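Here the structure comes first, spelled out in structure tokens, and everything after it is commentary.
The values are calculated or read from the model by the stated rules, or taken from the named source; none is laboratory data. As the structure is a prediction and not an experimental result, all values here were calculated from the model. Neighbour counts are summed over all protein chains in view; Cβ atoms, including those assigned to glycine, are modelled from backbone coordinates with ideal geometry.
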Amino acid sequence: MSLTNLEELTAIALFGIGFTLLLLDRNLIKKILGFSMTDSGIYLFLAARGYVAGRTAPIVTEGVQAVEAYVNPIPAGLVLTGIVVSVASTAVMLALTFRLYRSYHTLNLDEITNLAGKEAD
Amino acid sequence: MQPLMILMLILILACGLCVALTRNLLVAAVVFMAQSLAMSVVWILLQSPDLAITQAAVGAGIDSLLLFVTLRRIHAVDAAAQQEEGQAAPEEGGALHGENP
Amino acid sequence: MARIRDDTGLNARQRFLRWLLEGDDALDQALADGLDAPPPRPLPSPRAVPVPAAPDPGQRRRERASRWLYVCIALLLCVGIMGILLRTAADLPAFGRADNPTNNEVPARYIEKGLQETGAVNIVAGMILDYRAFDTLGESNVLFVAACTVVILLRLQQGDGHRLPRSVAEELTWEPRHDVILQTMASLLVPLALMFGLYVVLNGHLSPGGGFSGGTVMGAALILYLAAFGFEKAERFFTFRTFRAVSVCALGFYALAKAYSFFTGANGLPSVFTPGTPGALFSAGLIPYLNIAVGLVVACTMYAFFTLFRKGDV
Amino acid sequence: MPLWQSIPLASILLPLAGAALASVLPARAARRWTVLLLCLVTGGSCLLLVRTLPGSTAFNYPMGHFGAPWGNELRAGPLEAMMALLFSGISLLSLLGGMRRLQEDITSHRQSAFCAILLLMQAALMAQVYTNDLFTVYVFVEIMTIAGCALIASRSTRGRGLASAARYMVMNLIASALLLLGIILTYDLTGHLLMEPVQKAILPLQQSGAYALPLTAVIALPVLALAIKAALFPFHTWVPDAYASATPTGAAMLSGVVCKGYLVVLLKVIFRVITPAVVLDAGISDVLFCFGAAGMVMGSVHALRQTEVKRMIAWSSVAQIGYIFLGLGLHTEAGAAAALLHLMGHAAAKSLLFLSVDPLMAASGRQGRLEGLRGAGLRAPVAGAAFTLGALSLVGIPFLPGFVSKVSLARAALAYGGLHTWGALAVLALSTLLNVLYMLRTVLLIWSPGGSPRDPAVPSPGPLCHLSLGLLSAACLGLGCLAGPVLEAIRAGLAVFGIPL
């Protein structure tokens, strides 16, 4: 076990904070923030894995096309896709939260579940 | 390892903990926005300028905007303003807090 | 809680503040009517719902016990997953080394031949829009499916004889007007932000950025315009119809273009879109056009998200 | 490359591009457009099955001008064609069968968006079936997740559906995060995202013993994530409310098709990415076996206790997913084949149940309580017959698919030996007994005379609904009678499903 992977450890810690919020906080908005943080943690992890010390961003400059010059472009592309996906999920969750608040006047998911369970179907 | 990187990583974690621990949703949203900005600095340090632009536009821009407009539609923002003015928060202010009273 | 409302003698701003702070049964009812499917049912007043009769102690104890159990299991799960993952992260190949397994022949080819094969100076753009274009096609459709879902969840039924009560419609579209500071700043910032977004989109294959980030910036600029100058002015150039037209054209073009390149690629046919001169604005085959399409979709979707959240329509 | 090999590409891109168009069409045109596209995809899948089945051939289809390992790739073989046919056919029949209720449940200004979501769901399912790339799996899983949320929440007459949609989203977002993390760890250890190179890189890693813990995480995370998404037993909490409050089309698609899409991905991960030997080594399959067994029993017990018919069917879904995981957990070719057969049978039977229960409820004054359905079969005979067929299939009556798949599961368990055999047999017997109790109780109830007389104001379910119920019943019967050849085809498909080393 070494401590060279500080970025990755931070990323996993962030993932953990978000994951705990997502699972344990009853407030829907906090759950959404937790989900966003979970995703941020994963993206940080991925981008950190793509980094190579001493190389620059993968944009061809001055015609140099050597592997030794640029960092790995794949993680950046994947994270880009991932960020879009998490914006989409966040928007859907926020819309759901808004509707639920309109119906039940609370953001507490447990309470909402309780109230919904009492409705006749 | 650059000192700036370590600083940003600590900032990100601190923001994460703050979001987790605060009960005021408005504070949580603002801190989350700050975290996104710190994250985009990290992207620059990790040599991914594409991600930095996107993260800044999304995390500090659209995500936060949607969050704020939702919070306002569920009355949380104005309740916070009222609280600061020292008035008793209206009933809907319950939405402001992580846990209902 | 009975609430006697007397709105006479209040101006629009006071009424709006009152709505924000106190909620509005008429608005809630209108939302419910607009969003619910026919046949209409008498909706229980939402205000009556939140205070349930005190549950009997046995049930409350059961609830508390199950919540306690859930918290314990969830905590255990979190701690377990975290522990394993932290250990995993520490065990992984070291950070920033050139001989990590990810730095294999695949990124090597993207870097060494990407410029010749795709024509994109920005290797990331070349990768996501040419080598791995299928993922990116899926990605823009994730945004589209989210937009459709938000429309289903939030769009109010207007037109076709469905009209919201006038007071409600007024309050939904209420906005501060003639805010000099905001309007001055917006008239400076909106063109700048739009230009920057456009630059990022058009230069997606040459410099950092691309359709998504540029589109988001443009969407944010549109939102700023809306916030400063109001719905009336914004609706002169952007309505739900615009949103639908732009998304269908851009997404349709995207899917067709990619269908063409997938099909020709799989069958070994040459594509008519050649990489062109590296570094030119319209080089890199389809990539700039795809960036423009994605940028349009993203800008419209972001703006539509905002207005749907704000007033239940675009 | 012959033209028919482009069918997988077409069956993904056609609904994807069609969805954008459907969202701008007026409601009626959007519905017809959706039906037309689903018909085309079903026909294409049929053709592909006819082409690939005889020689049991599989082929890779590069997506773009750069083949593996540089670009994305599709892969199609007999098993993929069968799954594509199953998914597109059941989606089509679900839409047709629930069409009338769809128009009642969803206001017209939201129907075109709903149709677009159905098409996107279809495109995502096809992408799951055919894709050969891990990150593509993630992207399209997200489309399925959000589209599933829309299917649950779109009826939205009251909060219950919304509340269950929120719980569904929370569960699924957790699972998405775990899936993404698993895929990223895989990429990190192997340097590839395409399934074939990943498999080639994982085997030496496992044999060398380096990175033992990360490798376990690589295996466990996607399996856990997909189990959560497929609503395996402890992760099923959103299922009953969601299925009960969705419109019939939505419920039939969610239970019949969407869960199965995740299971196909899981199968792909086990057979094509990680390879069965490595999975067995990590001990994951025993965990799946245990959870599957628990789900079979608990789902049936809860189903027995329900008083609302839709919730009873939903709980029975939880139990049936358990059967499939039990088969996968046996971790033999026979077990996987039996699980796949059960998957197909359950997809047909469960969507048949969800579609037929709605006319029955309509004929009994729209009440969901079991007691209220007394005599409903006499008032709506076609729907009653269809319901009976579906229920009997789940119970496992000979000549119906449930019977054959249960027998093959038992056979696979017997061949496995040891504790697994006895465990599997005991759980199978117990669960079947419970199935008989709650399903036959309902069937007897709907055919027993009494109850309220038919309300003449309630319209009949219409020819489209009857057509779809008839076709689904025929599919059930066909699967049951031709189970032998189907099982053979599944085996042949499985042989070329994983990439031969």
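A few notes on this one:
- Scope the stretch C:250-285; condition in contact with a helix residue (DSSP H, G or I) (Cβ under 9 Å, 6 or more places away or on another chain), assigned to a helix (DSSP H, G or I) and free of Cβ contacts under 8 Å to residues at least 24 places away in the same chain; matching residues: C:Gly252, C:Leu256, C:Ala259, C:Phe263, C:Ala266
- Residue among D:Ala175, D:Ala163, D:Ala150, D:Ala212 that alone is within 10 Å of chain C (Cβ to nearest Cβ), over 22 Å from D:Leu93 (Cα atoms), at pLDDT below 95 and out of contact with any Asp or Glu (no Cβ under 6 Å at 6 or more places or on another chain): D:Ala212
- Odd one out for C:Met82, checked against (1) more than 7 Å from chain A (Cβ to nearest Cβ); (2) in a helix (DSSP H, G or I): (1)
- Scanning the stretch D:320-375 for residues being assigned to a helix (DSSP H, G or I) and closer than 30 Å to D:Leu487 by Cα gives a total of 36.
Yes/no per residue for (1) more than 7 Å from every other protein chain (Cβ to nearest Cβ); (2) over 21 Å from A:Thr10 (Cα atoms); (3) more than 27 Å from the chain's Cα centre (by Cα):
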residue: A:Ala48; (1), (2), (3): no, no, no
residue: A:Val52; (1), (2), (3): no, no, no
residue: A:Val64; (1), (2), (3): yes, yes, yes
residue: A:Ala76; (1), (2), (3): no, no, no
residue: A:Ile83; (1), (2), (3): no, no, no
residue: A:Leu115; (1), (2), (3): no, yes, yes
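- Verdict on C:Ala98 being within 7 Å of chain A (Cβ to nearest Cβ) and of a type outside the set (Asp, Glu): yes
- Filtering A:Ile74, A:Ile32, A:Ile42, A:Ile83 for residues that are buried (at least 20 other Cβ atoms within 10 Å of the Cβ) and over 21 Å from C:Met127 (Cβ atoms) leaves a single hit, A:Ile32.
- In the stretch D:71-115, residue surrounded by the most Cβ atoms within 10 Å (Cβ to Cβ) [restricted to those that are in contact with a Pro (Cβ under 9 Å, 6 or more places away or on another chain) and part of a loop (DSSP other than H, G, I, E, B)]: D:Gly98
- Every residue from the stretch D:93-109 that is free of Cβ contacts under 8 Å to residues at least 60 places away in the same chain and either among the charged types (D, E, K, R) or within 26 Å of D:Leu47 (Cβ to Cβ) (or both): D:Glu104
- Helices (runs of 4 or more DSSP H) completely within the stretch D:224-296 that count 2 or more residues being under 28 Å from D:Leu92 (Cα atoms): D:239-245, D:248-253, D:259-268
- Residues that are out of contact with any Phe, Trp or Tyr (no Cβ under 7 Å at 6 or more places or on another chain), over 16 Å from C:Leu202 (Cα atoms), within 9 Å of chain A (Cβ to nearest Cβ) and not β-branched (Val, Ile, Thr) within the stretch C:125-136 comprise just one, C:Arg132.
- For the stretch C:228-248, a residue qualifies if it is within 10 Å of chain D (Cβ to nearest Cβ) and either closer than 16 Å to D:Pro62 by Cα or free of Cβ contacts under 8 Å to residues at least 24 places away in the same chain (or both), and the qualifying residues are C:Arg241, C:Arg244, C:Ala245, C:Val248.
- Test: residue in the stretch D:448-468 that is within 30 Å of D:Ala334 (Cα to Cα) and at pLDDT 90 or above: no
Residues checked against (1) touching a strand residue (DSSP E or B) at 6+ places or on another chain (Cβ under 7 Å); (2) under 22 Å from A:Leu46 (Cβ atoms); (3) within 14 Å of chain C (Cβ to nearest Cβ):
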residue	(1), (2), (3)
B:Leu4	no, yes, no
B:Ile10	no, yes, no
B:Leu13	no, yes, yes
B:Gly16	no, yes, yes
B:Leu21	no, no, no
B:Phe32	no, yes, no
B:Val42	no, yes, yes
B:Gln47	yes, yes, yes
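- Qualifying residue in the stretch C:216-227 (condition: farther than 25 Å from B:Pro49 by Cβ, part of a helix (DSSP H, G or I) and among the β-branched types (Val, Ile, Thr)): no
- Qualifying positions in the stretch D:414-427 - free of Cβ contacts under 8 Å to residues at least 60 places away in the same chain and under 28 Å from the mean Cα position of the chain (by Cα): D:Leu414, D:Thr421, D:Trp422, D:Leu425, D:Ala426
- Pair list, Cβ < 6 Å and 6+ apart or interchain, from the stretch C:110-124 residues that are facing chain A (nearest Cβ under 7 Å) to residues that are hydroxyl-bearing (Ser, Thr, Tyr) and part of a helix (DSSP H, G or I): C:Ile123/C:Tyr110
- Between A:Leu94, A:Leu23, A:Leu109, the distinction of being surrounded by fewer than 24 Cβ atoms within 10 Å (Cβ to Cβ), among the aliphatic types (A, V, I, L, M) and at the interface with chain C (Cβ under 8 Å from one of its Cβ atoms) belongs to A:Leu23 only.
- D:Ser6 meets the conditions (1) in contact (Cβ under 8 Å) with a residue 12 or more places away in the chain; (2) more than 9 Å from chain C (Cβ to nearest Cβ); (3) within 30 Å of D:Pro485 (Cα to Cα) in every case but one. The failed one is (2).
- Of the residues making up the stretch D:428-446, those that are farther than 12 Å from D:Ala303 by Cα, crowded, with 23+ Cβ neighbours inside 10 Å and within 22 Å of the chain's Cα centre (by Cα) number 0.
- Within the stretch D:161-210, if we keep just the residues that are outside any helix (DSSP H, G or I) and over 28 Å from the mean Cα position of the chain (by Cα), the residue that is surrounded by the most Cβ atoms within 10 Å (Cβ to Cβ) turns out to be D:His192.
- Filtering D:Phe114, D:Phe87 for residues that are in contact (Cβ under 8 Å) with a residue 12 or more places away in the chain, more than 14 Å from chain C (Cβ to nearest Cβ) and among the aromatic types (Phe, Trp, Tyr) leaves a single hit, D:Phe87.
Residues are listed down the side, and each one gets a yes or a no for (1) modelled with pLDDT of 85 or more; (2) β-branched (Val, Ile, Thr):
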position: C:Pro107; (1), (2): no, no
position: C:Ile111; (1), (2): no, yes
position: C:Gln116; (1), (2): no, no
position: C:Arg132; (1), (2): yes, no
position: C:Asn141; (1), (2): yes, no
position: C:Ala146; (1), (2): yes, no
position: C:Thr149; (1), (2): yes, yes
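- Residue that is nearest to the other protein chains (Cβ to nearest Cβ) [pool: residues in the stretch D:363-387 that are touching a strand residue (DSSP E or B) at 6+ places or on another chain (Cβ under 8 Å) and either among the β-branched types (Val, Ile, Thr) or within 25 Å of D:Ala348 (Cβ to Cβ) (or both)]: D:Gly368
- A:Leu44 falls short on exactly one of the conditions (1) under 23 Å from D:Tyr168 (Cα atoms); (2) more than 9 Å from chain C (Cβ to nearest Cβ); (3) within 10 Å of the chain's Cα centre (by Cα), and that condition is (1).
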